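Report on one structure; see the data block that follows.
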Amino acid sequence: MSRVAVVTGGTRGIGRAISVGLKNAGFNVVATYNANDEAAQRFVAETGICIQKFDVSQFKECEKAVQIIAKEVGPIEVLVNNAGITRDAMLHKMEREQWHEVIETNLSSCFNMCRLVIEDMRARNFGRIINITSVNGQKGQIGQVNYSAAKAGVIGLTKALAQESAAKGITVNAVAPGYIKTDMLNTVPSTVMDKIISLIPAGRLGSPEEVAKAVAFLASDYAGYVTGITFSMNGGQYFV
Ligand code: NDP
């Protein structure tokens, strides 16, 4: 029987590539999303992967969805916390709502989903949790106090949960991509984007598929002794 893998925000961008990569690696994938039904339906038609719609920032919605997936598809053995948003502004212009939304969607979501799968993983003595963080959680970024704080928090959560879970056969790792070509970058003005690319030694953006390969490795049986790490992939932009 294939292991069940849940990818939050798995219908677009990096999450889409992760969903497809895990499917190709033999996992039974459920991709989740929040609002973009059109993209989700296109994703189903193109990949044959099943979907579940809920808001990862809302614990009760996550609880309901995890119950449905466990009942209809099977116990969740791989969890990829990928869903994320940006609400950029300099701190002196940032509204509390922009802070709150990003922290809840990018960080509290990891608590919500991990909390809801961890007891079953512990009982089964197996689990793979992969949290998508960001280079901007490692180095900080102008205009992203909220995003940088959330993504740095994801790295801390990953390290602590890895220690709590290692004896139970559960690995918990983070992947920290640099700038990856997805819809998320559409809000960045092209002049700013050109400047960012000029500072990346590789001279280009990364692709969602490159991130997906790292996730597939961490989800695989080869990575059973890898836990608590942050796998950076940023074209040489930043060394931790
Ligand atoms: P996209 O904007 O392309 O896709 C985001 C996905 O997350 C969508 O499927 C979206 O659903 C889902 N999502 C957003 N909010 C919620 C929510 N509240 N509940 C459930 N699902 C939600 O983003 P990327 O693919 O670019 O980013 C994916 C992850 O990678 C994020 O965590 C991001 O921070 C991180 N990252 C991205 C980088 C980049 O350069 N692109 C760099 C480093 C990290 P819907 O389709 O319904 O909107």
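The values are calculated or read from the model by the stated rules, or taken from the named source; none is laboratory data. The structure displayed is predicted, hence computed values, not measured ones. We place every Cβ from the backbone using ideal geometry, glycine too, and count neighbours over all the protein chains shown. All accessible areas refer to the heavy atoms of the entire protein, side chains included, with ligands and DNA or RNA removed. Shrake-Rupley method; radii C 1.70, N 1.55, O 1.52, S 1.80 Å.
Quick notes
- Residue, farthest from Pro75 (Cα to Cα), within the range 139-181, restricted to residues that are of a type outside the set (Gly, Ala, Ser), touching a residue at least 24 places away in the same chain (Cβ under 8 Å) and open to solvent by 40 Å² or more (accessible area, probe 1.4 Å): Ile142
- The criterion of being part of a helix (DSSP H, G or I), β-branched (Val, Ile, Thr) and within 12 Å of the ligand (Cβ to nearest atom) holds for Ile18.
- Some residue of the range 134-152 being under 18 Å from Leu22 (Cβ atoms) and either assigned to a helix (DSSP H, G or I) or in contact with a Gly (Cβ under 9 Å, 6 or more places away or on another chain) (or both): no
- Within the range 210-222, restricting attention to residues that are surrounded by fewer than 18 Cβ atoms within 10 Å (Cβ to Cβ) and within 16 Å of Phe27 (Cβ to Cβ), the residue that is nearest to the ligand (Cβ to nearest atom) is Lys213.
- The set of residues in the range 159-187 being in a helix (DSSP H, G or I), more than 7 Å from the ligand (Cβ to nearest atom) and not polar (S, T, N, Q) consists of Lys159, Ala160, Leu161, Ala162, Glu164, Ala166, Ala167, Lys168.
- If you filter the range 108-138 down to residues that are buried (at least 21 other Cβ atoms within 10 Å of the Cβ) and free of Cβ contacts under 8 Å to residues at least 40 places away in the same chain, you find that the one that is nearest to Ile196 (Cα to Cα) is Asn136.
- Hits in the range 203-212 - residues which are under 22 Å from the mean Cα position of the chain (by Cα) and not in a helix (DSSP H, G or I): Arg204, Leu205, Gly206, Ser207
- For the range 188-198, a residue qualifies if it is more than 12 Å from the ligand (Cβ to nearest atom), at pLDDT below 95 and either under 16 Å from Asn234 (Cβ atoms) or open to solvent by less than 30 Å² (accessible area, probe 1.4 Å) (or both), and exactly one does: Lys195.
- Complete set of residues in the range 191-202 that are assigned to a loop (DSSP other than H, G, I, E, B) and under 25 Å from Asn82 (Cα atoms): Ile200, Ala202
- Meets criteria (polar (S, T, N, Q) and not in a loop (DSSP other than H, G, I, E, B)) for Thr11: no
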